[in-house]
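Just so it is clear, none of the values below were taken in a lab; they were calculated from the coordinates. Just so it is clear, the model here is predicted, and its values are computed rather than measured. Note that we place each Cβ from the backbone using ideal geometry, even for glycine, and neighbour counts take in every protein chain shown.
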Ligand SMILES: CC(C)(COP(=O)(O)OP(=O)(O)OC[C@H]1O[C@@H](n2cnc3c(N)ncnc32)[C@H](O)[C@@H]1OP(=O)(O)O)[C@@H](O)C(=O)NCCC(=O)NCCS
């Protein structure tokens with residue numbers, strides 16, 4: 001399967017709403033009674049108001065169209081990234097699309113110098129909790145009866161290590177001579 005991960009565009013809202021609804025229905029069942037309104041999604045998934053940046057990415061598979069989405073938020077003031085939501089079409093979950101979307105999210109957060117990524121996941125969704133653990137998250141806390149009575153939310157985080165930069169090569173004697181020459185020229 002050829003898969004393309006690209007930024008969300010306004011025209012994607014309907015298809016993304018379908019994917020998110022189908023994927024969240026897998027564990028929320030009757031608790032999910034309303035489809036995400038495509039107009040709200042359009043506003044939510046790509047915005048930038050200075051202190052809060054939002055960027056969403058979609059996974060597009062040939063023949064199938066949009067099969068997944070990740071919604072990423074960045075709070076630059078706190079260098080905090082938030083994984084708001086991720087969903088993959090139930091028919092092709094387990095094929096590595098969630099990981100690819102997450103990796104794209106990581107590129108976005110790293111680009112904005114995040115030091116920590118936060119998300120939460122329902123206690124009735126052990127599969128997604130396992131997915132987040134595989135992505136490097138661990139549980140920091142729990143919110144009791146949070147979105148629904150009887151359903152707790154795990155708060156999960158991932159602390160980012162600074163990316164290792166390749167060590168600068170010590171200047172060779174020839175380079176050093178050139179630097180000295182330039183310095184001499186500057187002082188002339
Ligand atoms: C959670 C979700 C996004 C994962 O996407 P996916 O495409 O199925 O995940 P991947 O195939 O990329 O899996 C990545 C890793 O997570 C693991 N994983 C994914 N789903 C899992 C599950 N249900 N149970 C156990 N492990 C799971 C995979 O085994 C894989 O590990 P590996 O690389 O070591 O083999 C997807 O199942 C989904 O849309 N779920 C419904 C919506 C949801 O729960 N969203 C999260 C809450 S916001």
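Just a few scattered comments:
- Cβ-based exposure ranking for 91, 163, in which fewest neighbours within 10 Å come first: 163, 91
- Extension gain from residue 140 to residue 155, taking 0.36 nm per residue of separation minus the Cα-Cα distance: 4.8 nm
- Theoretical gain in end-to-end length, residue 79 to residue 32 [0.36 nm per residue, Cα-Cα removed]: 13.7 nm
- Hypothetical label at residue 22: residues of the stretch 63-102 whose amide nitrogen lies under 11 Å (7 Å Cα-Cβ projection): 64-68, 88-93
- Extent of the stretch 3-163 along its three principal axes (Cα atoms, max minus min coordinate, largest first): 38, 36, 30 Å.
- Our estimate of slack between residue 51 and residue 147, defined as 0.36 nm per intervening residue step minus the Cα-Cα distance, is 32.0 nm.
- Computed on the stretch 89-151, the Cα convex hull volume stands at 107 Å³ per residue.
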